[in-house]
1. Measuring from label point to label point, each 7 Å out along Cα→Cβ, what is the residue B:21 to residue D:279 span in nm?
2. Divide, for the stretch B:15-58, the radius of gyration over alpha carbons by 2.2 N^0.38 Å, where N is the residue count.
3. Per-residue mean of other chain beta-carbon atoms within 10 angstrom of the beta-carbon, peptide B:359-365?
4. Taking Rh as the Kirkwood radius computed over C-alpha pairs, what is the Stokes-Einstein D of the stretch B:225-363 at 25 °C in a medium of viscosity 0.890 mPa s, expressed in µm² per second?
5. How far apart, in nanometres, would the label points at residue A:39 and residue B:371 be if each is projected 7 angstrom from Cα along the Cα-to-Cβ direction?
6. Express in whole angstrom the spacing between the alpha-carbon centres of the stretch D:139-160 and the stretch B:67-97.
7. Taking only the alpha-carbon atoms of the stretch B:92-164, what semi-axes of the equivalent ellipsoid follow from 5 times the gyration tensor eigenvalues under a square root, in whole Å, largest first?
8. Using only the Cα atoms of the stretch C:9-134, each taken as one equal point scatterer with no solvent, compute I(q) by the Debye sum, divide by I(0), and report log10 of the ratio at q = 0.10, 0.12, 0.19 Å⁻¹.
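Read-outs: derived from the displayed coordinates by stated rules, not from any lab. Predicted model only: the values in this text are computed from it and were never measured. Please note: Cβ atoms are built from the backbone with ideal geometry, for glycine as well, and neighbour counts cover all protein chains shown.
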């Protein structure tokens, strides 16, 4: 069997997460190329649908990074994001759809190392979990 | 806690209606919102009335719930309160939905008297329609014996039996023969009793015992039912099997009292793609179900409204494919509401979990970072 | 009946012909029934079937749609479309046995004050014969 | 005389083989057919993998949703870029043509394959109780005899348009010898004939035969359906309804608007009856209450149904989805079909007959309908 290359969607907030990514780039650090970055203005702007849809339509995991608590550019966006993600994870847990395929971790603008590590660690984590069973189902 | 008593010599429904009629005649209410039998006699619809000529057709506790009372109330007060003071007797789940809708600014309770009723549960709408006369007879019996044969699944496990959010609760359970309790819960309810010259002096001990008994029984049912259901729905395999018959009519969304959006995200432009997108998705899996996004709709709706789900069962009643929608929503909603220590419709004072936050909470949602992580 | 029945007729009148015709009737001091509740629209083709049905279900005893004579439409062809739509509404009411006599389409030009008064009188008489619309008092609409 | 081909096997199996070999040869990008689902029913699927054709059920007598909705969803944004075959029933094809007239899709690059339709079973009866497979032998026998299958939906039983119009390929599921062992397919267009050309070696022998409509069996079936329709009209006596009759029929409506949601003609993203215009304000309620003393809440139930009749009955193809989806068993389609046909007769219009034919409300004659003027 060919080694499993997961497809990972990484949501980064414009102000911190993306900054972490830029910092990593300026230090020439690298992260797995199968991690697809998607920038959102704030993690608080993510709806549950943004997390569920990739999981149904082909992603093996979704990871979300925004500002640390108290640092949100919009003051409270990351607190709200945390509550929303809690709902999605509870839903995935109840229905046995793999809540472990969704990660939420703060990454500040200067934390290039933390960004790269998160991408790599999540990638390894998903590799261990194997392909997302939902994504290959035709009947969705 | 004490309650007042009103006479109901000719049965429960008659007692409730006489009380409402009196309130109307004395000018305490300007109008009533009541379920009334439709002319064909095969169902019920909410009627807002100032005249009392349809009163004999009215039924405060009909055997079915064709329209969620909170939805009717929302239709009435979404654009603010009129000058009319409206009395609305509703079942516990309808009261809870009204409370949620009030928080979502889709119901205005200012000029509304929410009157709670004890509810033995209702029959599945489709079963009732097969033989309305039989359903009526079954329910008459249920109102006397306070036990309903084959109610809906959600009714059997409904354990918030006596909602505290209603201004006034009409207690049927535990009331002496030929009487009903009136239990004021809010200042509005207390004022109402005062205007009617009724004093809350009767002890409610007998009622509390019965309520406790019923609540315990239903809680037990609930635990058992949810435990079984949890096994039945776990995993993509079984979940897809359950939703496989979904035909995307979105009836569940439109009858849901909590889904108030005029234009649902899942009916919007957001999910309409180019043919190439659909082809690409089909090629990835060998085939793509059309209409697409069936599971996304269900999961998305769960994540959007499960925190406010009151388990009223409307979605399942309206599903033409008999998908156990309300069961799955009940299960998911319970788990989600537990995360925030929230119970939908319990209290007007409890803010919606999605509009507030605490700085220190939900650590389990975050994945801790280990400085020492090295890729394997 | 306690009181004599006074029909209520909703009249959708086009700005350029029917409404001007009504105006002329007034200026000429022609007397016509006060049963009509005129609503001015820019063209009779502005009238969606829904306007007619809504009026009927909300208790109008009759609905009149009046516009320019065929060929005279201020917007060239509006009234031709009106006629088709009106035909459809009326046919639906016929098929459902839902009192098609309560809707009427008439052409009245700006110079036909006399005709306007006559159309109103005529229609009012007919509606009076039919009696009040049942929708006036029906609760279960 | 049409060009027809005899298959070496039944119509459904043959069709599956044709489609899978078209997919294999890359002559079509995908095929849209009814696919078996986990729940024991069927759903339309866009199939790209030829292997997967084997498990599909192109001719299963079931309509989980009118296929026009799926076809419209597929081509709403832009036309297809390459050929896609779609196996759809005659009413579904006509509904899609109506949608295309309204700019809700495109016919480009579609190859429409349509059966002579024996009708479908109600969704409730079959899917829910899982009885569809059991019904199949009975259904096939009825098709062979040109009879109306027992228990098919009322909309189907009374439908006279069961021979497809506008299809590229007609599958003679009725009207030719042995649809179960030696099926016949008719090529109606050059592009269909061209497409099928190299498939000879798989299962096809060419023959010249009379068209699918002109056999005695089809004529007999037409007669049976016409009788059923007359019988229904007599039973319902719709023109005797009046206000009371309409309230009797629609009184138990719960306002779910499912009939609109599944109607292939009702394409509006936001229906006017769900819009702000139709949300009463407190002053409206107070006005109506002082006028009538009591009123239904939510109001406008009858207005919704009458309004929808006005908006779409002229294009109603009689697919019966609205009745299927109604949770309170209102015979929506029986009413819409009767009203629709009366309108269609008035305008001499058959919805979906021809993509070039304009919807009657978008054109006019200067001399017409004088009988509606007073």
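1. About 3.6 nm separates the two model spin labels.
2. Compactness ratio reported: 1.14.
3. Values: counts 4, 1, 5, 7, 1, 2, 15.
Per residue, the number of nearby Cβ atoms from other chains is 5 on average.
4. Result for D is 146 µm²/s.
5. 3.0
6. Using only Cα atoms, the two centres lie 47 Å from each other.
7. Result for the stretch B:92-164: semi-axes of 27, 13, 12 Å.
8. Each listed q corresponds, in turn, to -0.28, -0.40, -1.00.
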